[in-house]
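One structure is given here, and the rest of the page talks about it.
The values are calculated or read from the model by the stated rules, or taken from the named source; none is laboratory data. This one's a predicted model, so the numbers in the text were calculated from it and none came from an experiment. Heads up, the Cβs are rebuilt from the backbone with ideal geometry, glycines too, and the neighbour counts pull from every protein chain shown.
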Amino acid sequence: MFNLNDSVRYWLYSEPTDMRKSFHSLSGIITNMMNLDPLCGDAFIFINKNRTRIKVLHWEPGGMVLYSKLMEAGTLGKPTSYEKDGSLKWRELVLMVEGIVDDPKTRRQRLEDLANLRKRL
């Protein structure tokens, strides 16, 4: 049940994805475009063109799980490093979703908003 962690292998689909797609359509992309098996236990990451939505499809015992996030403000970060084969580490996925980047000058909008909120409190 909800087993996304650093022991899972993550694959980033490099093309922008229509976020209306769900389990079957995303599984088709994994099979036909990425040449991988969606039932292998790995997690597959899809991002829309505007980088405001992300979906992660993952097979767990008992069925497929689809995680989805719509950004309230700003955009998803770009992974700072990933393998040539498209695989990504757990750490990179977390940094990308949270908008954390190594260079503080390029912080994501939502983190600046959070900093301003903390100043007001």
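Any chance you could count how many residues in the range 1-26 are out of contact with any Asp or Glu (no Cβ under 9 Å at 6 or more places or on another chain), assigned to a loop (DSSP other than H, G, I, E, B) and either loosely packed, with under 14 Cβ neighbours inside 10 Å or polar (S, T, N, Q) (or both)?
10
Give the residues of the range 34-73 that are among the basic types (Lys, Arg), in a loop (DSSP other than H, G, I, E, B) and either surrounded by 13 or more Cβ atoms within 10 Å (Cβ to Cβ) or in contact (Cβ under 8 Å) with a residue 60 or more places away in the chain (or both), sorted by residue number.
Selection gives Arg51 alone.
With (1) of a type in the set (A, V, I, L, M, F, W, C); (2) modelled with pLDDT under 90; (3) part of a helix (DSSP H, G or I) as the list, and Ile29 as the residue in question, which single condition is left unmet?
So the condition that Ile29 fails would be (2).
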